[in-house]
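These notes concern the structure reproduced below.
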Amino acid sequence: MNGMEAVSKILGKENLSQFFADLSKPNKENAVPRGRVANVFLVILAEGELVIRHEGGEDVTLATLDGEKYPMILHEKLVSAWRREMLEQLRHDYDTHKEDLNKVRGKNDEWHCSLRPTAAAGKKEERIGGLCRECPNCMVFGYAVGEEEKYNLKSRIEGDVYLSTLPEQRSVVVRTFNAVDEPTHTTFIQSEGARTGALFRLSLIRVGTPFVGKVAMKDLSPAEFALALYSLIHTTRIGGIKSDFGKVRVIIPAIALCDHEVSSGYEMFQKVKGIDNVGEIVRKINEHVKAYEKECMVLTSNDFSPIITEVVGKNKHDIVKEAWSNGLNFKRCIEEFIKSK
C-alpha cells in the first residue's frame, strides 16, 4: 500500500492529492511552501502523573487565562518525544530492511540518526547533534547545520501550545519523595558512602488531566503524513523523569485539510475550558472544527488513532520506504532551488 492509499483509508476520502506534496521525484518548486496544510487537532490525556517543566521554570508550566492559572505543554516538549518515537520506528524498520533502505539511500554504510546535545564550545551555543540530515525524521522536523552548509531546514510540522482544560487547583498535585540515588533508586549514595534522609517535593499533573492543542503539518507527502501520525499516536511519554512519570495517550478527534492554517490550541481551550470528560471534549472539538467546513475539508472521529495504527501498522515498511524516498527527493528539491538562485 502506498502513502496516498494509506491516507485515503485513514481519512475515509478519495482525491486528496491537492492537500499533499508530490515528492515522487525532485521538483524545485516543492522547496517552498505551496499551501498544503493538514490541521491536526489533539487531545493529550495524562494516563500517569506528569512532570511538565521547562528551562528556568517550576515543576509545572502555567499560563494565566481569564484570571486563573492552567498547566500547559509547550510544543517543543511534545516534539522532542515525538521525534524520538519516529526515530525508534525508523531504526526498527531499518534493522529489518537494511539492504532495501540502503538502496533508497544510495549508500552502503550503516545509517544512524539521533537527537543528542552537542556540548557548547567557546562562544558557540549548544545545539542538537547526531542528526543524519537524510532520513524522514530530519526532512520532516528539520535540522540546523554548521557554517560549512548552505542552508538550515525548517520543520514542516508546526504547533503552538497545549493547554489543560482544568485549572491548577484541579489538575496539579504535590508529592513528597525521598532523595535517592538515580541509578540504584535507593537512599544510599555510593560516592558519599552514607544514607541520606533528605526529602523533596514535585508538583505533578494529575492522572486524567486532558490537554488540547493543534499541529499544522505543511507540504508533507502522503507517506510522510502517515508516518508522522503513526509516530504521534505512539508517543506515550512526555516531560521529565520519564522512567517514573510521563505516561500519556494522544487522541486525534479531527483533521482539517486546507490551503492555510486554521484555529489554535487557545481557541479550542476556550470551547472546552473546565471539562474533564474526554468524550465531551472530543464532541466539542469536532463541533468547533466543523465551523471550518466552508474553507477546509473537515474530517472528524471519536479518535483516528485505531485506524492509523491498523493501516500504517500493516503496511509500515512500504510507507517508511516511500517516506525515505520522498525525504531525499525533498532534499534534492531544496538543493536545485538554491542552485537556481
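Coordinate-derived values only; no laboratory data. All values reported here derive from a predicted model rather than from experimental measurement. A quick note on method: Cβ atoms are made from the backbone with ideal geometry, for glycine too, and the neighbour counts reach across all protein chains shown.
Write out the cysteines belonging to the chain for which the nearest other cysteine Cβ is not under 4.7 Å, or none if no such cysteine exists.
Isolated Cys, the chain: CYS135, CYS138, CYS333.
Do any of LYS154/LYS339; LYS69/LYS273; LYS13/LYS218; LYS150/LYS214; LYS214/LYS273 go past 21 Å between their Cα atoms, and which? Before the final figure, lay out the partial values.
Working: LYS154/LYS339 18 Å; LYS69/LYS273 12 Å; LYS13/LYS218 19 Å; LYS150/LYS214 32 Å; LYS214/LYS273 16 Å.
Checking Cα-Cα distances, LYS150/LYS214 exceed 21 Å.
Given springs between every Cα pair under 10 Å in a Gaussian network model of the chain, which of HIS234, HIS317, HIS112 has the largest fluctuation?
Its mean-square fluctuation being the largest, the pick is HIS112.
Under 10 Å, Cα contacts only: if you run a Gaussian network model on the chain, which one of ASN326, ASN15, ASN315 comes out with the highest mean-square fluctuation?
For the chain, modelled as a Gaussian network with Cα springs under 10 Å, the answer is ASN15.
Relative to the Cα centre, what is the charge dipole magnitude of the chain, using +1 at the beta carbon of each Lys and Arg, -1 at the beta carbon of each Asp and Glu, and rounding to the nearest 20 debye? Walk me through the numbers on the way to the answer.
Working: 48 positive and 49 negative charges, 51 e Å.
That gives a dipole near 240 debye.
So for the chain, taking the charge dipole from beta-carbon charges (+1 Lys/Arg, -1 Asp/Glu), which of PRO253, PHE269, MET139 sits furthest toward the positive end?
It is MET139, whose Cα lies furthest towards the positive end.
Enumerate the lysines that LYS316 could reach by cross-link, defined here as Cα to Cα under 17 Å, with residues fewer than 8 away along the same chain left out.
The reachable lysines, counting only those whose Cα sits under 17 Å from LYS316, are LYS9, LYS98.
With springs only between Cα atoms under 10 Å, which of THR64, THR165, THR236 fluctuates most in a Gaussian network model of the chain?
Most flexible of the set in this elastic network: THR64.
Hey, fewest Cβ within 10 Å first, where do ILE52, ILE233, ILE238, ILE334 land in order?
Numbers: ILE52 29, ILE233 22, ILE238 25, ILE334 18.
Listing ILE52, ILE233, ILE238, ILE334 from fewest to most nearby Cβ atoms yields ILE334, ILE233, ILE238, ILE52.
In the stretch 25-93, which GluC sites (Glu not before Pro) fall in coil by DSSP and have 16 or fewer other Cβ atoms within 10 Å? Walk me through the intermediate numbers first.
Values: sites: GLU29, GLU47, GLU49, GLU55, GLU58, GLU68, GLU76, GLU85, GLU88; in loops: GLU47, GLU49, GLU55, GLU58.
Loop-located and lightly packed - GLU47, GLU55, GLU58.
In whole Å, how far is the Cα centre of the stretch 238-266 from that of the stretch 17-31?
One Cα centre to the other: 26 Å.
What ranking of GLU335, GLU310 emerges when the number of other C-beta atoms within 10 Å of each C-beta is taken as an exposure proxy, fewest first? Spell out each step's value before the answer.
Values: GLU335 15, GLU310 12.
So the residues, fewest neighbours to most, are GLU310, GLU335.
Take the Cα radius of gyration of the chain and divide it by 2.2 N^0.38 Å, with N its residue count; two decimals is plenty.
Values: Rg = 21.5 Å, N = 341, 2.2 N^0.38 = 20.2 Å.
The chain yields a ratio of 1.06.
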